[in-house]
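**Student:** Sharing a structure with you now.
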There are 2 protein chains.
Amino acid sequence: MAKVAPFRVQPRPPLCRDRVMLKFCGRNTSIHATMEGGGDDGFSIERYMASKAATVNEELNRSLPLQHPECLHESMRYSLLAGGKRVRPVLAIAACELVGGDEAAAAPLACAVEMVHAMSLIHDDLPCMDDDDLRRGRPTNHVAFGVSTALLAGDALLALSFEHLARGCAEHGVPADRALRAVAELANAVGTGGLVAGQVVDMASEGVDVSLGTLEYIHMHKTARLLEAAAVCGAIVGGGGQGEIEGMRRYARLVGLLFQVVDDVLDVTRTSEQLGKTAGKDLATGKATYPKLMGIDGARAYAADLLVGAEAELQRFDPTRTEPLRHLARFIAYRQH
Amino acid sequence: MAKVAPFRVQPRPPLCRDRVMLKFCGRNTSIHATMEGGGDDGFSIERYMASKAATVNEELNRSLPLQHPECLHESMRYSLLAGGKRVRPVLAIAACELVGGDEAAAAPLACAVEMVHAMSLIHDDLPCMDDDDLRRGRPTNHVAFGVSTALLAGDALLALSFEHLARGCAEHGVPADRALRAVAELANAVGTGGLVAGQVVDMASEGVDVSLGTLEYIHMHKTARLLEAAAVCGAIVGGGGQGEIEGMRRYARLVGLLFQVVDDVLDVTRTSEQLGKTAGKDLATGKATYPKLMGIDGARAYAADLLVGAEAELQRFDPTRTEPLRHLARFIAYRQH
């Protein structure tokens, strides 16, 4: 196995650390409502996310009408339209808007990213993989539709993702060279450069003592890579320059890793009901996690570093447009499920 | 289930039927060597296919170096580089050349189509699907690498297909709008508009009496659609006009169905050793096939009709360029395994 150096943020900018730490990773405090309800500047990430999610949900619904063969389409819709925070699509649209693009141009990309995400959840949950029965508070796809239909629904969602991205960009007047670059970036994030590679190493690491380097490899591929692709493709589709695109890549890698660190902490601090999926599973299966390797407080401190690093990456952009991504990073850090 | 009218070729042009019929679908005759060795015009489809396959094999090998995580890449390479006739890639390149494009421009597309094909074989062979142990004379991917790795190798090959198509077209100077259109066409052929839909209906039809219409639906989606996409994308990448692109679509649909009718006949007339895969399986599993619904002679006659129709579709093209596709259709009709 190739050695991967732990991904650390250096140097660490000054930060009112206690305030941030109070809210990290499932800890409820008295300032919880203030921070979740809106920032000091009146921007509400919840309203922003709900608005973008509504756009995405509507387009996802239109993209996949219930038609012959019905069981396949039902299975695909079951997972794709199951709700969720739509973090990846929101990130794609926000990155596009950050570089001056508009929501309509980014919507097909946002939907494509969510289709990839839905596919990865379906396949990861299968009995031959993580063998999970519960997802977002409902039976997983293979429990509801059978293993073979679930597997094929995943395949079809992955294919639909690229079809939707290509057709949608053409219909919305996104220049073909940008759309094509987004196709390559998104595809790379799925296969040997991302999700699949992460899942393979993750499965090989179960029940084995893994290093922090391996843990970082798993999450940089399994979780962060798709968030990275969402942001990078958003910047590409929106017409960002190379510096902006790579800035978005660094921001999203930090946010992606943050997402996973928080996920690992929530897995040991929250219940299945609170999460809408099986809690405590990492511990039960002996899986390597950040709390296991760093302790819960160590993992929380690492999350704080990652948040600071992500916010620092936004400094190169037009400050009148960075609010959504600044608040999105905090939202991911402070989420309770 | 939606009713699908059987796909018939009307009207039937005159044909020296006996000569063709003598060679159809596994029947060996005295003129076998002449027909397989080369046509009356000195063109050798075997040499043409071997040359294109060599180009494709070399690019496939380069596209997927053995790297970390090794087991994933080994599993992907095992299926992708397992040989085979490379009918789909050859069709893609031939269609591109037919409309005036060159081999280099079509090679990334040809490889992308083969990656999709390899993925579909891996997933179709899985225990929860067709549960097959033998493919091209070797253990199937999941027998060699385990079910979870095989599933992930299929996912990664599908993703790599779109990445390779997008990057390869850009590198070879294919205009981005053509490449993007090819992405959409190929993606549609994989999911609910093609392979997956065909596999879902195929599985639902096992052990059930199915109509000729349903059988046609299965094969138009499961087999013909990818051949269709290969030819259509070849014409798109090569810069063909809309009439040429749609002409290629009709040609390839006929050839694709022909491919499957011949496959069904060979399954009952050849041994596992001759085919390099489990023979007689359709009969053993009670699967609907053309010989079962039409009788072997009826299926052979249908194949003859399809071949005539496919050759007729080539009449709209520059006659100095149609030889490869004319001979490819015959090659598919006359193949022995």
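The values are calculated or read from the model by the stated rules, or taken from the named source; none is laboratory data. Every value quoted in this text rests on a predicted model; they were computed, and no experiment measured them. We place every Cβ from the backbone using ideal geometry, glycine too, and count neighbours over all the protein chains shown. These accessible areas exclude ligands, DNA and RNA; they are computed on the full protein's heavy atoms, side chains included. Shrake-Rupley method; radii C 1.70, N 1.55, O 1.52, S 1.80 Å.
**Student:** Restricting to region A:89-117, what's the tally of residues that are assigned to a helix (DSSP H, G or I) and open to solvent by 10 Å² or more (accessible area, probe 1.4 Å)?
**Tutor:** Number of matching residues: 5.
**Student:** Also, quick follow-up: For region B:102-142, how many residues are among the aliphatic types (A, V, I, L, M) and touching a Cys at 6+ places or on another chain (Cβ under 7 Å)?
**Tutor:** Total meeting the criteria: 3.
**Student:** Sticking with this structure for a sec: Is at least one residue of region A:73-86 among the basic types (K, R) and in a loop (DSSP other than H, G, I, E, B)?
**Tutor:** yes
**Student:** Identify the single condition in (1) open to solvent by 10 Å² or more (accessible area, probe 1.4 Å); (2) out of contact with any Leu (no Cβ under 8 Å at 6 or more places or on another chain); (3) farther than 23 Å from A:V196 by Cβ; (4) among the hydrophobic types (A, V, I, L, M, F, W, C) that A:A82 does not satisfy, given that it satisfies every other one.
**Tutor:** (3)
**Student:** Tell me which residues, restricted to region A:68-101, are acidic (D, E) and in contact (Cβ under 8 Å) with a residue 40 or more places away in the chain.
**Tutor:** A:E74, A:E97
**Student:** Still on this structure, I have one more. Conditions: (1) open to solvent by 10 Å² or more (accessible area, probe 1.4 Å); (2) more than 13 Å from every other protein chain (Cβ to nearest Cβ); (3) within 19 Å of B:A166 (Cβ to Cβ). A:R138 meets all but one. Number of the miss?
**Tutor:** (3)
**Student:** Can you tell me which condition A:K281 does not meet? The list is (1) closer than 19 Å to A:A94 by Cβ; (2) among the basic types (K, R); (3) modelled with pLDDT under 90, and all the others hold.
**Tutor:** (1)
**Student:** Sort out which residues of region B:189-201 are buried (at least 21 other Cβ atoms within 10 Å of the Cβ) and either hydrophobic (A, V, I, L, M, F, W, C) or touching a residue at least 24 places away in the same chain (Cβ under 8 Å) (or both), and write them in order of number.
**Tutor:** Hits for region B:189-201 are B:A189, B:V190, B:G194, B:L195, B:V196, B:A197, B:G198, B:Q199, B:V200, B:V201.
**Student:** Anything in region A:116-130 that is at the interface with chain B (Cβ under 10 Å from one of its Cβ atoms) and not small (G, A, S)? List them, or say none.
**Tutor:** A:V116, A:M119, A:H123, A:D124, A:L126, A:P127, A:C128, A:M129, A:D130
**Student:** While we're here: For region A:140-153, does any single residue satisfy the condition of being closer than 22 Å to A:V56 by Cα and of a type outside the set (S, T, N, Q)?
**Tutor:** Yes, the conditions are met somewhere in region A:140-153.
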